[in-house]
Amino acid sequence: MGYTINNDGSINSDFDNVFPWNKTELITDENGNEFISFPQMFFRVTADSSYNITTIAVSGAPHEGSEWYEVKPFWYGRYGGSVTNNVLESRRGATRKASLTRANFRAYAKANGNNYHLLDLYHKTVLNFLWWIEWATKNSATIMTGAISGSGTAGGTSSCST
């Protein structure tokens, strides 16, 4: 499968038509925060006798064979987290908040309501697997070259550490 990066920085990918990308939705909550809604997924990992990972898979249903692990549906912030009035937000055009403690970020996320929290390792794992599958690399710097605005991956504003 392939992809193209457009002049405006958007990406067209053949993966848009396969699970789970064909089941994701862009949503806005009652507070105006924007998220990507991921469906229920299952993942598996296999390793060789030296414990090196040999295969990973993500599916809409478990299959026979290796052990599959369920990931319940979840929302992932569409934009880097910003903070307004001690509330963590996911909004277009907002300045990412950096240099806060994890405890601060957790408190700011929770200020949206009880079902809001920071990304946990379980969900991050399946998102990492999807990255590896789609881009066929663990080296994100070769894909995400640092431009967060401007023309494609050349020029524009530099990325910011968070």
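Partner aspartates and glutamates whose Cα lies under 17 Å from the Cα of Lys72, excluding those fewer than 8 positions away in the same chain, are identified as Glu25, Asp120.
Dipole size in debye (nearest 20) for the chain around its Cα centre, Lys and Arg Cβ +1, Asp and Glu Cβ -1?
Values: 13 positive and 14 negative charges, 135 e Å.
Its charge dipole is roughly 640 debye.
Relative to the longest principal axis of the Cα atoms of the chain, the long axis of helix 121-135 makes an angle of roughly 70 degrees. Per residue, the chain exposes 66 Å² of solvent-accessible protein surface, assessed with a 1.4 angstrom probe and all protein chains in place. Note on segment 44-96: along the principal axes its Cα atoms extend 51, 26, 18 Å, ordered by decreasing extent. For the chain, the alpha carbon positions stretch 50, 40, 31 Å along the principal axes, listed from largest to smallest.
Taking only protein heavy atoms and a 1.4 Å probe, the accessible area of the chain is 49% carbon and sulfur.
The values are calculated or read from the model by the stated rules, or taken from the named source; none is laboratory data. For clarity, every value in this text was computed on a predicted model and none was experimentally measured. Neighbour counts are summed over all protein chains in view; Cβ atoms, including those assigned to glycine, are modelled from backbone coordinates with ideal geometry. Keep in mind that these areas ignore ligands, DNA and RNA; they rest on the heavy atoms of the full protein, side chains included. Shrake-Rupley method; radii C 1.70, N 1.55, O 1.52, S 1.80 Å.
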